[in-house]
Amino acid sequence: MGRFFDAEKYDQRGIMEYLKSSFPDSLLADGFDSCIIGITQGTDSGRVAYNVDKMIEVCMEDGMTYEDAVEYLEYNTLNAYVGQYTPVYIEYFLGEE
């Protein structure tokens, strides 16, 4: 996103406004706005990208165990296809961004 979007200039609300104005067809994963790490470019432009580890943390903050959070996300979110603009979910190999 570097040359297209300067994330340091935006807070979470600004990022959401940017997504809605620049990529109005993009779909969001409810309750995980704080886990957004970017937007796809290229042949599948406009798909919102999420950090899976952060999504697990959000679930755990809501009282789930790690295992329950993973199961919940796999069943309800990560494996759901809701059309062309289905979000993408990124799991870092090294455990860091």
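Per this entry, Ile56 is counted among residues that are aliphatic (A, V, I, L, M), more than 10 Å from the chain's Cα centre (by Cα) and closer than 25 Å to Asp11 by Cα.
The residue that is farthest from Val58 (Cα to Cα), among those in the range 73-83 that are free of Cβ contacts under 8 Å to residues at least 12 places away in the same chain and part of a loop (DSSP other than H, G, I, E, B), is Tyr81.
Per-residue answers, yes or no, for (1) of a type in the set (A, V, I, L, M); (2) part of a helix (DSSP H, G or I):
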{"position": "Leu28", "(1), (2)": "yes, no"}
{"position": "Gly42", "(1), (2)": "no, no"}
{"position": "Tyr50", "(1), (2)": "no, no"}
{"position": "Ile56", "(1), (2)": "yes, yes"}
{"position": "Met64", "(1), (2)": "yes, no"}
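Where residues in the range 45-97 are in contact with a Leu (Cβ under 8 Å, 6 or more places away or on another chain) and of a type in the set (A, V, I, L, M), which of them is nearest to Gly31 (Cα to Cα)? For the range 45-97, the residue satisfying everything is Met55. Scanning the range 68-97 for residues that are within 22 Å of Gly46 (Cβ to Cβ), exposed (fewer than 13 other Cβ atoms within 10 Å of the Cβ) and of a type in the set (S, T, N, Q) turns up Asn79, Gln84. Among the residues of the range 75-97, those identified as of a type in the set (Asp, Glu) and under 20 Å from Asp33 (Cβ atoms) are Glu91, Glu97. When the range 24-53 is filtered for residues that are among the charged types (D, E, K, R) and surrounded by fewer than 16 Cβ atoms within 10 Å (Cβ to Cβ), the ones remaining, listed by number, are Asp25, Asp30, Asp44, Asp53. Among the residues making up the range 55-67, those that are surrounded by 13 or more Cβ atoms within 10 Å (Cβ to Cβ) and not aliphatic (A, V, I, L, M) are Glu57, Cys59.
Filter the range 6-26 down to residues that are assigned to a loop (DSSP other than H, G, I, E, B) and modelled with pLDDT under 85 and give me whichever is nearest to Cys59 (Cα to Cα).
Checked the range 6-26; the qualifying residue nearest to Cys59 (Cα to Cα) is Asp11.
Kindly indicate whether Val70 is modelled with pLDDT of 90 or more, more than 12 Å from the chain's Cα centre (by Cα) and part of a loop (DSSP other than H, G, I, E, B). When the stated conditions are applied, Val70 does not pass them.
The values are calculated or read from the model by the stated rules, or taken from the named source; none is laboratory data. Because the structure is predicted, anything quoted here is derived from the model rather than measured. All Cβ positions, glycine included, derive from the backbone under ideal geometry; neighbour counts span all protein chains shown.
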